[in-house]
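To start, the structure under review is shown below, and the notes come after it.
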Amino acid sequence: MSSSVSVANENGVAVVTIDNPPVNALSFHVRKPLHEALAALRDDPSARAIVIACAGRTFIAGADITEFGKPVEQPELRAIISLLETISKPTVAAIHGTALGGGLELALGCHFRVADQAAKLGLPEVKLGLLPGGGGTARLPRLVGAAKALGMIVSGTPISAGEAKAAGLVDAVFDGNLLAEAVRFASEMAAGAGPFVPVRDRNNRLAECDLAAFDAKAAELARKARGLEAPLACAEAVRNAITLPIDEALAAERQLFLKLVAGDQSRSQRYLFFAEREAAKVPGKDLQKRKIAQVGIIGAGTMGGGIAMAFVNGGFPVTLLETSGEALDRGLAMIEKNYSVSVSRGSLSEEVKEQRLGLFKGSTDYADLADCDLIIEAVFEDMAVKKEVFGRLDAVAKPGAILATNTSYLDVNEIAASTSRPRDVLGMHFFSPANVMKLLEIVRPDKTAPDALATVADLARRIGKVAVVVGVCHGFVGNRMLSARGAESEFLLLEGAAPSQVDNAFTDFGWPMGPFQMGDLAGLDIGWRNRKARGQTAVIADMLCEQERFGQKTGRGWYRYESGSRQPAADPEVEALIRDKAVERGVARREIGADEIIERTLYPLVNEGAKILEEGIAARASDIDVVWVNGYGFPIGKGGPMFWAGLEWAAKIVERLEHWHERTGRAIFEPAPVLRRFAETGSWESVGR
Ligand code: 3HC
Ligand code: NAI
């Protein structure tokens with residue numbers, strides 16, 4: 001037997017153990033010996049039952065994603081499952097950790113599934129732009145019903161062992177030695193009366209399905225798919241399970257899988273899966289981490305409150321510091337309100353809410369930060385205020401405490417240099433709302449100690465964030481590129497596009513919303529204040545702000561919002577204002593198409609990314625993509641701006657940038673040398689530093 005698969009006999013129960021670290025993916029070197037072992041055990045009279053279990057931290061996490069896009073080596077997973085279904089003695093999957101994708105599908109090929117109480121089970125293929133390709137769409141509905149299966153497969157979210165037991169996905173949940181319990185369970189089954197019916201032949205739950213209700217749910221999910229093909233294919237395949245004989249449903253699932261796996265969307269999403277894991281590999285990641293037990297946050301405004309919640313949700317006690325008792329009370333009240341909303345929506349229990357609130361300590365005295373291991377500043381975006389805060393921190397923080405700033409734009413080297421301990425200073429740039437958004441830019445100034453960086457990267461993962469290490473420059477990776485994306489917006493309006501046209505071009509591309517809707521949501525006053533502080537202007541946006549059109553919060557911005565509604569309506573006043581400005585500036589108005597909108601906003605975005613890469617502000621093109629997908633809503637089906645540049649054909653991007661540069665003379669259009677080289681080589685790897 002190979003080292004990836006071993007077989008032992010426990011009192012007449014054959015235990016097949018898969019050992020393929022780190023997550024027991026079903027690579028070819030697992031599938032082949034697994035198939036051989038099961039074929040031998042099927043006809044082995046010394047085995048009364050078979051248990052399939054895994055060594056290490058988890059049950060099988062699915063197919064080996066690195067094998068997609070390459071020729072399939074036999075035996076495929078589907079052949080192993082078919083073989084399992086020809087075995088008449090009881091077969092039992094013993095699940096600990098996570099049974100995901102092909103791992104769960106293999107378990108669905110068994111007669112029984114038993115799980116450790118902490119196990120999770122799911123079919124997350126949709127997150128890779130795929131659908132379950134090992135029969136999951138046909139077998140899962142036969143155990144849990146079509147409606148539940150639809151929800152699990154389209155969301156890709158795993159469920160707990162308890163929920164799986166209640167739904168009929170697992171037969172028993174154990175607390176303790178899972179393998180011993182699984183062997184006992186298998187032995188009992190073998191002693192009982194057969195025959196044991198494979199999942200594929202259990203049709204009772206399907207007969208319960210209300211097809212009209214199913215279709216209504218599927219239509220609702222399709223509306224939310226925002227151009228992604230996989231969720232639609234998932235729904236189609238589950239529907240086939242209801243309406244077609246199983247072999248036809250399995251054949252149709254296969255066809256859908258093959259189509260998706262060869263498509264750009266899945267390629268993009270698989271790329272992002274590895275990109276996120278690559279981004280986590282920061283320099284010095286194996287160094288001894290500093291101990292972080294107590295966290296301090298300065299400023300209980302929009303960001304400070306959200307960051308504090310992110311840490312408390314991760315189990316860290318937080319001391320929240322404000323300038324006055326009043327500001328502190330306001331911040332704490334907002335936090336309590338946010339938790340109450342979660343309780344009223346049913347996503348949090350009252351008990352957990354109380355536990356979490358118990359982890360906050362409010363203060364107006366810097367001395368209370370003396371026991372904190374990490375202190376994050378989230379005060380006003382003003383260098384003088386930041387420096388004052390860091391000066392006070394320098395005086396009270398204990399030696400070795402990590403001091404972080406949540407600044408959006410400011411020079412973190414300058415902030416670090418204002419302290420006596422620049423080795424302990426870095427940026428932790430969270431995104432709003434910080435308790436929800438997954439991205440964290442870890443800004444690395446010149447003097448930060450590698451262990452401080454590694455500690456923060458590790459901590460980010462512990463509080464569920466996707467972290468990317470970036471260098472110091474104005475706006476770092478995300479906001480700097482955002483400025484490049486937005487630079488042409490007002491010109492587009494003056495030249496003839498309506499805000500809704502620009503926004504529609506973005507949503508058609510796959511963004512959750514366009515730049516003008518986004519501005520209205522975030523509040524136009526923020527950018528206005530920022531511009532004023534930097535002596536900059538924006539022709540139309542400044543005018544809107546002068547009229548107190550700050551966006552949704554004032555009911556008027558780029559759009560109108562009727563009595564508290566969040567639904568934007570085109571506003572003729574804004575359109576008139578734009579036309580007047582165009583006349584005043586002598587700009588001739590014309591029809592502007594969606595292609596031009598994309599060229600003038602997203603090509604400069606890619607171009608700025610290339611400059612960022614050249615300057616070493618981001619270490620990898622994939623880091624930039626992780627920032628844009630997790631922090632700014634770049635469509636996952638396109639993989640992020642740098643990956644999309646390859647899909648879009650970089651030579652065309654260069655050519656169009658040159659065109660717009662020639663026409664406007666604006667620097668954002670001047671193709672970066674790194675982009676030109678990418679257009680020639682087709683790989684960002686070869687153009688890095
Ligand atoms: N194939 C190949 N490599 C995988 C993998 C997979 N299915 N799942 C994880 N890995 C690798 C990761 O790339 C990482 O490698 P690295 O250390 O070199 O960066 C390593 O395993 C550890 O992964 P994580 O850092 O993600 O470890 P965690 O402990 O945080 O999470 C996990 C474990 C929950 C299993 C998570 O890795 C995960 O969600 N994996 C993907 C699960 C999945 O999508 N399965 C479906 C695959 S598609 C499929 O099965 C098709 C089928 O229907 C035919
Ligand atoms: P905010 O105005 O909502 O909150 C700032 C808070 O800091 C206020 O409650 C204020 O009372 C407090 N404060 C001011 N000076 C202080 C001091 N010396 N000591 C203690 N508390 C003090 O601002 P917001 O939006 O939370 O921004 C904070 C920081 O986060 C800024 O640097 C901003 O650039 C950054 N940021 C903001 C994002 C956003 O979307 N709002 C996103 C990411 C970063």
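The values are calculated or read from the model by the stated rules, or taken from the named source; none is laboratory data. Please read all numbers here as calculations on a predicted model, not as lab measurements. Cβ sites come from the backbone with ideal geometry, for glycine too, and all protein chains shown count toward neighbours. Note: areas computed on protein heavy atoms with side chains; ligands, DNA, RNA excluded. Shrake-Rupley method; radii C 1.70, N 1.55, O 1.52, S 1.80 Å.
Numbers for the structure displayed
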| item | result |
| --- | --- |
| Stretch gain in nm, segment E548-E278, where the contour uses 0.36 nm per residue and the Cα spacing is subtracted | 92.8 nm |
| Length-normalised contact order of the range 1-119 in % [C-alpha pairs under 8 Å, at least 6 apart] | 27 |
| Relative contact order computed over the chain (Cα-Cα under 8 Å; 6+ residues apart), in percent | 9 |
| Cα pair distances in the range 602-642, grouped into 10 Å bins until the bin that holds the longest one, percent each | 34, 58, 8 |
| Structure-based [θ]222 nm, the chain - -39500 (n - 2.57) summed over DSSP H runs of at least 4, per residue, nearest 500 | -15000 deg cm²/dmol |
| Solvent-accessible area per residue, Å², over the range 5-262 with all protein chains present [probe radius 1.4 Å] | 40 |
| Zero-based 5 Å bins, Cα pair distances in the range 605-689, whole percents | 3, 16, 27, 25, 19, 9, 1 |
| Theoretical FRET efficiency, 1/(1+(r/R0)^6), r = Cβ-Cβ of E685 and K70, R0 22 Å, to 0.05 | 0.70 |
| Accessible-area order (highest first, 1.4 angstrom probe) of the listed residues D215, D175, D520 | D175, D215, D520 |
| Angle in degrees between helix 621-632 and the longest Cα principal axis of the chain, rounded to the nearest 10 | 80 |
| Sites D580 and F491, calculated FRET efficiency, Cβ-Cβ separation with R0 25 Å, nearest 0.05 | 0.95 |
| Rough spin-label spacing in nm, given labels placed 7 Å along Cα→Cβ, for A213 and E388 | 6.1 |
| Heavy-atom accessible surface of the chain: percent carbon and sulfur, 1.4 Å | 52 |
| Under-5 Å amide H pairs with V466, H placed in peptide plane, nonlocal only | L439, L440 |
| The range 100-131-the range 11-87 distance, computed between alpha-carbon centres (Å) | 14 |
| Shape of the range 21-151, Cα gyration tensor, a/c cut at 1.5 | rounded |
| 3J(HN,Hα) from dihedral phi, the range 96-112, Karplus parametrisation 6.51/-1.76/1.60, rounded to Hz, x for glycine, proline | 10, x, 10, 9, 10, x, x, x, 5, 5, 4, 5, 6, x, 8, 5, 9 |
| Solvent exposure ordering (accessible area, 1.4 Å, most first) of H429, H474 | H474, H429 |
| Rg followed by Dmax, in Å, when the chain is reduced to its Cα trace | 28.0, 92 |
| Folded to 0 to 90 degrees: helix 28-42 orientation relative to the chain principal axis, Cα | 20 |
| Extension gain (nm, one decimal) between A222 and V197, 0.36 nm per residue minus Cα-Cα | 5.6 nm |
| Derived scalar couplings ³J(HN,Hα) [the range 359-370; Karplus, 6.51 cos²θ - 1.76 cosθ + 1.60; whole Hz; x for Gly, Pro] | 8, 8, 10, x, 7, 10, 10, 4, 4, 6, 8, 4 |
| Segment L647-R666, length gained on full extension (0.36 nm per residue, minus Cα span) | 4.3 nm |
| Net charge over other residues, Cβ less than 11 angstrom from the Cβ of N9 (K, R count +1; D, E count -1) | -1 |
| Value of Rg/Rh across the range 166-261 [Cα atoms, Kirkwood radius] | 1.09 |
| FRET E, pair D508, E36, Förster distance 60 Å, beta-carbon r, rounded to 0.05 | 0.75 |
